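Working notes for the structure below.
The values are calculated or read from the model by the stated rules, or taken from the named source; none is laboratory data. This structure is a prediction, so every number in the text was calculated from the model and none was measured. Here the Cβ positions follow ideal geometry from the backbone for every residue, glycine too, while neighbour counts run over all protein chains shown. These area figures cover heavy atoms from the full protein model, side chains too; ligands, DNA and RNA do not enter into them. Shrake-Rupley method; radii C 1.70, N 1.55, O 1.52, S 1.80 Å.
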Amino acid sequence: MCGIVGYIGDRKAFPILVNGLKRLEYRGYDSSGVALAQDGEIAVYKKQGMVVAMEEHALANNTSGSTGIAHTRWATHGQPSDENAHPHVSNSGNLVLVHNGIIENYQSLKDLLKGKGYTFHSETDTEVLVNFIEYVQKEEGCKLRKAVRLALTQVIGAYAVCIYDKNRPEEIVVAKLGSPLVIGLGVNEKFVGSDATPFLEYTKDAIYLEDGEMACLTAEGEVSIRMIESDVSVDPTIHALQMDLESIEKGGYDYFMMKEIYEQPRAIYDTFRGRLLPEQGMIKMSGLEEYADKFRNADRIIMTACGTSWHSALVAEYLFEEFARIPVEVEYGSEFRYRNPIIRKNDIVIAISQSGETADTLAAIKMAKAAGAMVFGICNVPGSTISRETHAGAYTHAGPEIGVASTKAFTSQVTVLTMMALELGKIRGEFSTSEYRALINELSVIPKKVEKVLESKEHIEKISGLYKDASNALYLGRGVNFPIALEGALKLKEISYIHAEGYPAAEMKHGPIALIDENMPVVVVAPNNGHYEKLVSNVQEVKAREGKVIAIVTEGDTEVINSADHVIEIPETLEALTPLLTVIPLQLLSYYIAVMRGCDVDRPRNLAKSVTVE
Ligand code: AGP
C-alpha cells in the first residue's frame, strides 16, 4: 500500500501535502515526495525514509505553489531509495505523477517506450506509467485528461493516480482502479487522498471514486467524473464524512488488528502475485533462483526468528522436510546468537522477521554470516536492516502491519515459505510434477478460502463471549498445525493477557492433561487431514475430564463435532496448506476476547511492534 495526496486551490499546497502524508504513513513509510507547481515549472522533493526527512529536505528549498501532489511509498517495484520515491516526472519534464498500486504490464510498456527513445531513472512501474501517458498525449495530440484515459485503457493492474501538466497547473487529473482514492470538496479548493484523513479538517464533503472512474479537478469548478473505458460522464455522490481521523486510518474497523486480519486474503494474494504461476505450473522467486545451486547442495537449513515469525519457521520446518527433503532446524534468534552453534559451509540460514529490525534475529544473522553461512531473509518491510543485512531474500507483501499482534504478516510469511518449500522440492527433484501442480493450484485459491473462514466472525465472537473470563487456556495441534497451536496461544496471551499454552496434542498425556477441568478452554486444531483420528481421541480425552473444547475442523466434519463443545469450520484444503486457514479463527478468537476484556488490542501492555533491543 502507498499513500497519495493532492491539493489544488488558493492555499499554499506544501503544508497540506506534508501533513496529509504524515496521516497516511500507516500505509507505507519507506520514502516520500512532493511535486509543486511553481511559475510554470515542477519542483520535486523526494527522500528515502519517513515523511519528516523529505519535509526537512524540501523546507531548505522553495516550497511555494498552490497546486501539488504527494506520495508516501510502500515499495513494490524497486528498493526504497530517493530515485524510486514518487512523484515521477515524464521525460519531457511536463508531466508529474504519483501512484498507489501495481502496473502488471509495466515491463512491456517500458520496452515499448524504450524503443521510442524514452529513458528511465528508477526501477518503478510508476515512472513507466507517467511516460506512457506522455507518449499517448504526444501520439494523440490531446489534452492530459484524454491522454490519461487512453493510456489507462492499455494498463493492466491496480492504480490510484494523481497527475498534472506543468503547462496547465490549474487542473489535476485523478483515476482509480483497485486502489482507494477520495476527493475532498472545499470552497475554491479540492483535495485528493488515499483516504479522507489528509483533508478532514478542511472539508467533510467527499467523493469516493469508484473503480474505473477518473476525474478532473480545478480549484473552483465542479468535479467532472467519467468512466475510463467508455468516457461516459458520471454523476458524483457526495458523502458528508462522519468518521474521525483515527477511524478512517483503520478503514472503519475498531482496531488495526481487525483490519489486518481482514486484509489477509489480499496480503496472501499480493505475496504470491507474480511468483505463483498456476497457469504455467510454476513458481518464480528471484531471490531463490539466484542461489538455486546453494539450496540444491545445502546439507541443512537453519531457520531463526522470534515470536510469531518463529512460529512460521516451525510451519516451514514441516513443509521443507516434507517437500524438499532438506534437514531443517528452527532456532529462536535469542538462543541461536549466544549458544555458539555449529554452522557448516553448506548450511543455509533463513531469517524471518516482519519488521526486519528485531535485535535478536539481527544478531543471529550477523553471527551466522561470520561463521560463513549464506543467509536468506524473509521480511515485510522493504529496506529494513535485516533485508539489507542478508545475502538474499524474499519480501512478504502484506503491507504495513500496525497492530502489535502479528496476523497478515504471519500468513504472508507462511505463504512465502510454502512457495520456497515447493520450489526447493522441485529444484531437488523430490516430488512429482502432478503433486507440485496440485499444491500450486490449491495455494492460488487460498485467499478465497480465507475469505470463507472470515465469514464465521459472528460465530467466533459468540464463542469468545463464553471464555473471555478464563484464566488459562490450552491450544493443541499435530504436525504442521502444532505451530498453529503455539501461534493461537501467543495471540491470546499477548492481547488479552490470559495465560495460554500451545502443545503438540500427543503431549497432553505427558503432563498438561493434569490441568484440565471444567474451567479450562482447550482449543484443538483438527482439520480432516493429518492425524485426524488421533485428534478425535484427544478431544475425547479432554471431554472425559470436563474440559471445554473449541475445535477448528474442516467443514462437513462428522466426528470431532460429536464431542467438542464448539466447532469452527474451515474449507477443505491440502494438509500442507491448512495452517493458512486454521490460524484465522485463532486470530479472531483472541481479538474478540481481548476486546471483551477491554484490552488495548493494537497496543498491548508491555509490548512493542518491533523489539529492536535485547
Ligand atoms: C507477534 O504477534 C508479536 N508481535 C511478536 O512475537 C513478534 O512476532 C516478534 O517480536 C518478532 O517480530 P518480527 O517478526 O518483526 O521480527
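Is it fair to say residue 462 is of a type in the set (Lys, Arg) and touching a His at 6+ places or on another chain (Cβ under 9 Å)?
On the way: of a type in the set (Lys, Arg): yes; touching a His at 6+ places or on another chain (Cβ under 9 Å): yes.
Answer is yes for this residue.
Does residue 132 satisfy the criteria of being modelled with pLDDT of 95 or more, touching a helix residue (DSSP H, G or I) at 6+ places or on another chain (Cβ under 9 Å) and open to solvent by less than 10 Å² (accessible area, probe 1.4 Å)?
Numbers: modelled with pLDDT of 95 or more: yes; touching a helix residue (DSSP H, G or I) at 6+ places or on another chain (Cβ under 9 Å): yes; open to solvent by less than 10 Å² (accessible area, probe 1.4 Å): yes.
When the stated conditions are applied, residue 132 passes them.
Taking residues in segment 424-436 that are among the hydroxyl-bearing types (Ser, Thr, Tyr), and partners anywhere that are open to solvent by 80 Å² or more (accessible area, probe 1.4 Å), the pairs with Cβ atoms closer than 6 Å and at least 6 places apart or on different chains are 436/426. Provide a single number: the residues in segment 586-614 that are touching a residue at least 60 places away in the same chain (Cβ under 8 Å), more than 10 Å from the ligand (Cβ to nearest atom) and part of a loop (DSSP other than H, G, I, E, B). Final tally of qualifying residues: 8. Of all residues being surrounded by 15 or more Cβ atoms within 10 Å (Cβ to Cβ), under 20 Å from the mean Cα position of the chain (by Cα) and outside any helix (DSSP H, G or I) in segment 282-299, which is farthest from the ligand (Cβ to nearest atom)? Just the residue, please. Top of the filtered list is 283. Residue count for segment 570-585, restricted to those that are outside any loop (DSSP other than H, G, I, E, B) and either within 12 Å of the ligand (Cβ to nearest atom) or open to solvent by 10 Å² or more (accessible area, probe 1.4 Å) (or both): 3.
Number of residues in segment 157-178 that are over 21 Å from residue 220 (Cβ atoms) and open to solvent by 10 Å² or more (accessible area, probe 1.4 Å): the value is 5. For segment 590-601, check the following and say yes or no: at least one residue is within 32 Å of the chain's Cα centre (by Cα) and modelled with pLDDT under 95. Yes, some residue in segment 590-601 is within 32 Å of the chain's Cα centre (by Cα) and modelled with pLDDT under 95.
Restricting the search to helices (runs of 4 or more DSSP H) fully inside segment 182-272 and requiring at least 2 residues that are surrounded by 14 or more Cβ atoms within 10 Å (Cβ to Cβ) and not aliphatic (A, V, I, L, M) gives 256-262, 264-272. Within segment 520-540, is even one residue open to solvent by 60 Å² or more (accessible area, probe 1.4 Å) and closer than 30 Å to residue 598 by Cβ? Among the residues of segment 520-540, not one is open to solvent by 60 Å² or more (accessible area, probe 1.4 Å) and closer than 30 Å to residue 598 by Cβ, which makes the answer no.
For residue 310, the conditions (1) within 16 Å of the ligand (Cβ to nearest atom); (2) open to solvent by less than 50 Å² (accessible area, probe 1.4 Å); (3) more than 21 Å from residue 407 (Cβ to Cβ); (4) assigned to a helix (DSSP H, G or I) are fulfilled apart from (3).
For segment 456-482, what are the residues that are charged (D, E, K, R) and closer than 30 Å to residue 283 by Cα?
Going through segment 456-482, the residues charged (D, E, K, R) turn out to be 457-458, 461-462, 468-469, 478.
Listed by number, the list holds a single entry, 478.
Evaluate segment 288-309: report whether one residue or more is out of contact with any strand residue (DSSP E or B) (no Cβ under 9 Å at 6 or more places or on another chain) and among the aliphatic types (A, V, I, L, M). The answer is yes; a qualifying residue exists. All conditions in (1) touching a Leu at 6+ places or on another chain (Cβ under 8 Å); (2) farther than 20 Å from residue 95 by Cβ; (3) open to solvent by 10 Å² or more (accessible area, probe 1.4 Å); (4) not charged (D, E, K, R) hold for residue 53, with the sole exception of (1). Looking at residue 315, is it under 23 Å from the mean Cα position of the chain (by Cα), more than 11 Å from the ligand (Cβ to nearest atom) and either touching a residue at least 12 places away in the same chain (Cβ under 8 Å) or open to solvent by less than 30 Å² (accessible area, probe 1.4 Å) (or both)? Considered against the rule, which asks whether it is under 23 Å from the mean Cα position of the chain (by Cα), more than 11 Å from the ligand (Cβ to nearest atom) and either touching a residue at least 12 places away in the same chain (Cβ under 8 Å) or open to solvent by less than 30 Å² (accessible area, probe 1.4 Å) (or both), residue 315 comes out as yes. Is it the case, given these coordinates, that residue 383 is at pLDDT below 90 and small (Gly, Ala, Ser)? Considered against the rule, which asks whether it is at pLDDT below 90 and small (Gly, Ala, Ser), residue 383 comes out as yes. Residues in segment 386-396 that are more than 9 Å from the ligand (Cβ to nearest atom), part of a helix (DSSP H, G or I) and buried (at least 20 other Cβ atoms within 10 Å of the Cβ): 1 in all. Taken together, 399, 479, 488 contain a single residue that is open to solvent by less than 10 Å² (accessible area, probe 1.4 Å), at positive phi and touching a residue at least 24 places away in the same chain (Cβ under 8 Å), which is 399. Within segment 135-163, the residues that satisfy the criterion of being free of Cβ contacts under 8 Å to residues at least 24 places away in the same chain, hydrophobic (A, V, I, L, M, F, W, C) and farther than 17 Å from residue 105 by Cβ are 142, 147. Counting only residues that are closer than 18 Å to residue 546 by Cβ and touching an Asp or Glu at 6+ places or on another chain (Cβ under 7 Å), segment 517-528 holds 2 of them.
This table checks each residue for (1) within 16 Å of the ligand (Cβ to nearest atom); (2) closer than 26 Å to residue 26 by Cβ; (3) of a type in the set (Phe, Trp, Tyr).
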| residue | (1), (2), (3) |
| --- | --- |
| 366 | yes, no, no |
| 369 | no, no, no |
| 373 | no, no, no |
| 380 | yes, yes, no |
| 398 | yes, yes, no |
| 407 | yes, yes, no |
| 415 | yes, yes, no |
| 425 | no, no, no |
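Here the condition is being within 13 Å of the ligand (Cβ to nearest atom) and not charged (D, E, K, R); of 352, 348, 302, 342, it holds for 352 alone.
Restricting attention to segment 318-339, the residues that are within 21 Å of residue 372 (Cβ to Cβ), out of contact with any strand residue (DSSP E or B) (no Cβ under 6 Å at 6 or more places or on another chain) and within 16 Å of the ligand (Cβ to nearest atom) total 2. Taking the conditions (1) surrounded by fewer than 17 Cβ atoms within 10 Å (Cβ to Cβ); (2) within 24 Å of residue 350 (Cα to Cα) in turn, residue 441 satisfies each one other than (2).
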